[in-house]
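Quick note: the coordinates plus some simple rules give every number you see, no bench work behind them. If you're wondering where the values come from, they're calculated on a predicted model, not measured in any experiment. Glycine also receives a Cβ, built like all others from the backbone with ideal geometry; neighbour counts cover every protein chain displayed.
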Amino acid sequence: MSAPLQPLYLVDASLYVFRAWHSIPDEFQDAQGWPVNAVHGFARFLLDLLERERPQHIAVAFDEALDSCFRHALYPSYKANRDPAPDALRRQFAHCKALCAALGLEVLADREYEADDLIGSALHASRGRLRGVIVSADKDLSQLLLEHDEQWDYARNQRWGADGVKARQGVHAHQVADYLALSGDAVDNIPGVSGIGAKSAAVLLAHFGTMDALLERIDEVPFLRLRGAATIAVRLREQREQALLFRQLTTVALNAPLHNAAGGFLRNSGDGDMLGGLCEALRFGPMTRRRLMTAAGLQSPSTPANEFA
C-alpha cells in the first residue's frame, strides 16, 4: 500500500488581500503614511494558516495580470466590469508579496497568467508527487480537483474534494469550465450563451457530459425535458463560436511559467533582514513580529513577545 501524498498548499492570495482591504478599517498607516489594513489582515490570515497547518510544500499566487492577461487578447471585455485597483491597494499587494518571500514561501506571479492559472499549473506540475489543497473560495478553481485534491474555503472552514463539487455547483468538477462558458460568469464579465442559465447549463451537461458533445448533438436538444429547449438549440447554433471562446476564458491554464516546480515548492527558511525591515515599515506590533519571526523559522516559539517590541 503506497504512502499518502503530502499536501501542496496553493493559496489564492488576492482573495484574502481583497477581503482584508474591504473588511478592516484603514486606521493604521505605514511609515510613509499609506494605509496598511490589507497587508495586516493578510498577515493574520497567513500566520493562522502557517501555524495551523505547518505546511512543508506551499506556494502563494498573486494576480499581476489584471489588465495584461492572455484572456484580454482573446476577449477585450474580459473583466471590463471591474474598476482598477487604487494605488493604496496596489502598494499593499506589493507588501504582501514581499512578506511571503521574507517568510520563505514560494511566490507565484506573472504578467500574462492569472493566479488561478498559476495555481492550476503548479498543481499540474506536482501530480503524482503531491496532492493539492487549494486555499480559496473561488468556484472556478474547483475544475482542478482530482481524486486526492481538496479545496478549502478558509474563512468558512469548509473543505470539499472533487466528489463534493456537484452539490455546490450543480455540475461535476471536470464540467465547471463548460458550465461557466454556457451559463456565463458575471464576476469575470463573461455573458455565456443567451438563454442558457445555471439550471439549463447543468441539465445540458448532465445529459451530454461535455460542451463538445452538446455542440455535436444540438439536434437532440429540442427533445429534452428542458424549458425553452427549442430556443436553446437555436441559440447554441448561432453562438457556437462564442461558446467555444468563452470556454477558453473559463478554463484554468496549466502551462503558466513556474520557477520552482521541480522542487515541489518546498518551504524555505525566512529572510530575517527583509522580514525585520517589513515589520518596521508596516508598523507591525510586537506580537505579530514574534509570530512572523517564528513562522519564518528565525525564532523559537518560546521567544518573549517584548524581544521584538
* Which far-off residues, 5 or more places away or on another chain, put their amide H under 5 Å from the one on L108, with H placed in the peptide plane? -> V60, A61, F62
* Which far-off residues, 5 or more places away or on another chain, put their amide H under 5 Å from the one on G228, with H placed in the peptide plane? -> none
* 15 Å beta-carbon shell around P7, net charge (K/R +1, D/E -1) -> +2
* Helix-derived mean residue ellipticity, 222 nm - over the chain, DSSP H n ≥ 4, -39500 (n - 2.57), to 500 -> -12500 deg cm²/dmol
* Structure fact -> Sequence order, region 8-17: Karplus ³J(HN,Hα) from phi using 6.51 cos²θ - 1.76 cosθ + 1.60, θ = phi - 60°, Hz rounded, Gly and Pro as x, gives 10, 7, 10, 9, 7, 4, 4, 4, 7, 5
* Between D83, D219, D138, find the one with the highest GNM mean-square fluctuation for the chain; connect C-alpha pairs within less than 10 Å. => D83
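Report the antiparallel proportion of the DSSP beta bridges in the chain as a percent, rounded to a multiple of 5.
Working: 6 of 23 bridges.
Among the beta bridges of the chain, antiparallel pairing accounts for roughly 25 percent.
Hey, got the dipole for the chain? About the Cα centre, +1 on K and R Cβ, -1 on D and E Cβ, debye to the nearest 20?
Working: 32 positive and 38 negative charges, 136 e Å.
Result for the chain is approximately 660 debye, rounded to the nearest 20.
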* For region 95-104, what does the Karplus curve 6.51 cos²θ - 1.76 cosθ + 1.60, with θ = phi - 60°, yield as ³J(HN,Hα) per residue in whole Hz, taken in order and with x for Gly and Pro? -> 5, 5, 4, 5, 5, 4, 4, 5, 7, x
* Setting aside same-chain residues fewer than 8 positions from K97, which lysines have a Cα under 27 Å from its Cα? -> K79, K139
* Top mean-square fluctuation among L15, L226, L141, Gaussian network model of the chain, C-alpha springs under 10 Å? -> L226
* Asked: Highest GNM mean-square fluctuation, the chain, Cα pairs closer than 10 Å: which of G276, G128, G104?
  -> G128
* **Rounded if a/c under 1.5, otherwise prolate or oblate - region 41-124, Cα gyration tensor axes** => oblate
* Working from Cα positions, state the angle (0 to 90°, nearest 10) between the long axis of helix 115-125 and the longest principal axis of the chain. => 90
* Extension gain from E53 to R225, taking 0.36 nm per residue of separation minus the Cα-Cα distance -> 57.2 nm
* Karplus couplings for region 48-55 from phi (6.51 cos²θ - 1.76 cosθ + 1.60, θ = phi - 60°), rounded to Hz, Gly and Pro as x? -> 4, 5, 5, 6, 6, 9, 6, x
* Relative contact order of region 170-250, pairs being alpha-carbon contacts under 8 Å that are 6 or more residues apart, as % -> 35
* Asked: Sorted from fewest to most neighbouring beta carbons within 10 Å, what does the list K139, K79 look like?
  -> K139, K79
* **Of (i) 18.8, 56; (ii) 18.8, 61; (iii) 21.7, 74, the label for Rg and Dmax of the Cα atoms in Å derived from the coordinates** => (iii)
* Structure fact -> Listed with the fewest Cβ neighbours within 10 Å leading, V193, V135 appear as V193, V135
* Expressed as a whole number of Å, what is the distance separating the alpha-carbon centroids of region 252-285 and region 22-39? -> 21
* Which is farthest toward the positive dipole end of region 170-250 among T231, T250, P191, measuring Cα position about the Cα centre, with Cβ charges +1 (Lys, Arg) and -1 (Asp, Glu)? -> T231
